[in-house]
Amino acid sequence: MSAPSPHRPLAAGKFRDPLVTAKGESRAVVTLAALRTLWVNTGTLCNITCRHCYIESSPRNDALAYLSAAELAPFLAEIARDALPVEEIGFTGGEPFLNRELPAMLEAVLGRGFRALVLTNAMKPMRHHAAALLALRAAYRARLTLRVSLDHYDPALHDAERQAGSFAQALDGLLWLAEHGFQVHVAGRAGFGGEGEAAMRAGFARLFAAHRIPVDATDPVALMLFPEMDAAADVPEITTACWGILKKSPDSLMCASARMLVKRRGAARPSVLACTLLPYDPQFELGGTLAEAARPVPLNHPHCAKFCVLGGAACSR
């Protein structure tokens, strides 16, 4: 079950059948144990274009349209009506702060008692909402967390992935959040720059200490290091036998406790997907309500294998 070299192309026949692997073995399937995190994709538009973005966000990609507070409201009502055990609502994009209704959505979520998590590059779009953010922090304190994307602690490596000057802008935004008492986390990329995890965490620790940023680089939630994702690279398919071989529980995967809400360009209403990583694959679109989306999810995509099962990663805490 060890992962092959990421430079080898994906073998033909893999990840075709949702129930059976290319070798004819039973594909692993994950049942929704309890919905604890609902992700909201605010839209795929972003203020920058990164070299490697799994969701292909850019200033031009609006494949996932801006989702409104009014469109989110029925799902919050469904959570309350069905007493679903949701604890956290996460907002991702694109860049969530490009969506002008983000503050209203955060107010709706926090006002109902949920924790809220916003994934942001902390650049100019976020700063345009400074007044609204300060009001939310004053009202809800630690229930609001902002996770800032810093691909690497080295500005040159971060800028090579995103754009020239983006590290300085992101760091400035992170410092603004820290100075104003926000709960902040950071997201980096495991192995980015060829380093191991210990070296990456040590480098981030030096960065945080130098700028007095209150993030514990040893904490895997406060500093999340995500594995690389390449759907064209060869990875093993996950079978039912893999749970025992890997000594891993299917309940540890994102799709056992999370779903994502999206609004496709031109769609009349939002739909619910299996997870944050597979926004465009129709087999992971599960329905128009949280109840419809509660069905099991076959692990029929390379990201399921590399990011979630073998990489052990999750987008939430």
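Where a number appears in this text, it was derived from the coordinates with a stated rule and is not lab data. Nothing here was measured: the structure is a model prediction, and the numbers come from that model. As a convention, Cβ positions derive from the backbone with ideal geometry for all residues, glycine included, and neighbour counts pool all protein chains shown.
Label-to-label distance, HIS180 versus ASP62, with points set 7 angstrom from Cα along the beta-carbon direction: 2.7 nm.
The overall shape of region 40-197 is prolate: from the C-alpha gyration tensor, with semi-axes ordered a ≥ b ≥ c, the ratio a/c is 1.5 or greater and a/b exceeds b/c. Only Cα pairs under 8 Å and 6+ residues apart enter the sum, and on that basis the relative contact order of the chain stands at 25 percent. Listed by chain and number, the lysines whose alpha-carbon sits under 27 Å from that of LYS124, ignoring those within fewer than 8 places in the same chain, are LYS263. Close amide-amide hydrogen proximity is noted between PHE91 and VAL40, LEU117, VAL118, LEU119, each under 5 Å apart and 5 or more residues distant or on a separate chain (H modeled in the peptide plane; Pro and chain starts excluded). Straight-line cross-link partners of LYS14 among the lysines, defined as a Cα under 16 Å from its Cα and at least 8 positions apart when in the same chain: LYS23, LYS306.
The ranking of CYS255, CYS46 by Cβ neighbour count inside 10 Å, starting from the fewest, reads CYS46, CYS255.
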